[in-house]
Amino acid sequence: MSIVLMQFVGVSRFVWIQQVVVSVFALGLAYAMSRRNFVAVSTKWQIYLILFLGLLLFLPPVLGSSPDPQRWLVLGGFRLYIAACVLPLLVLLLENLIHQRNTQAQIWIFFYPVIAAALAWQPDASQSLAVALIGLISIMRTDNRTVIKLTCIITLLAASILSSAQPDPLQPVSYVEGVIQLGATMHLSIAAILLLVLAIVPISLIWIGRRHQHTTFYLPALYYLVIDICAFLQLTPMPLLGFGAGPILGYALMAYAYSRQIQQR
């Protein structure tokens, strides 16, 4: 559907070929790796990965390699929308760490405000809204003292409000943010199909979570639901249907990590 939309607006062949190559590589690699024998990752290495992914969120504004908003990690001529790439996996790792039965692990709820601060610095209101909702749910489900929860929640919401309050000079692009509206200009049935396609990811995650009695799956479902709504309002790139490597890579990393969780259980 993504290729159909891009061809309809007459983008260059290189653009949609890039979309296909990234998709085949990312999803193929995720599937191949998930078929290998499972090796459990220690808590220490999960912490290292969380810190690394959090650092990546700060790199675009630190490097200042693109004009405001600074949401892209520029690698030569290639721009990677870093929040869409790392947040689905980061949410999973944090959720696993926070709900371990020890005090040190639960303190990692404060990493949610850190993520929100990075998104406010970029700024990225849509991703910040998704993180705020997920973080609020995750924090409330912990066994931390009320004062710790309130401190974390207030800081998280303040960073998210700051992100939303800043102006966004970017104009929506039809085959990036405006794919639903683009589909409607082709035919209303196309727009309806696009909405059904968008629903596949959150509905599948909810279904798998219920099947395996694993509530962690509900958080990425909420993430994609929020981002889909924001993209429908043309505030952020539409995941998977819109052009861009970041959301595709982010989905593949999330899919691989969750398949490993199912194997572990």
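The figures follow:
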quantity: Single condition residue 157 does not satisfy, out of (1) modelled with pLDDT under 90; (2) surrounded by 15 or more Cβ atoms within 10 Å (Cβ to Cβ); calculated: (1)
quantity: Set 41, 22: member being closer than 26 Å to residue 94 by Cβ, within 22 Å of the chain's Cα centre (by Cα) and modelled with pLDDT under 90; calculated: 41
quantity: Residue in the stretch 225-232 that is closer than 26 Å to residue 254 by Cα, of a type outside the set (Ser, Thr, Tyr) and in contact with a strand residue (DSSP E or B) (Cβ under 9 Å, 6 or more places away or on another chain) present; calculated: no
quantity: Residue count, the stretch 42-64 (criterion: free of Cβ contacts under 8 Å to residues at least 12 places away in the same chain and open to solvent by 60 Å² or more (accessible area, probe 1.4 Å)); calculated: 8
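The values are calculated or read from the model by the stated rules, or taken from the named source; none is laboratory data. All values reported here derive from a predicted model rather than from experimental measurement. Note: ideal-geometry Cβ built from the backbone for every residue, glycine included; neighbour counts use all protein chains shown. Surface areas here come from the heavy atoms of the whole protein model, side chains and all, with no ligands, DNA or RNA. Shrake-Rupley method; radii C 1.70, N 1.55, O 1.52, S 1.80 Å.
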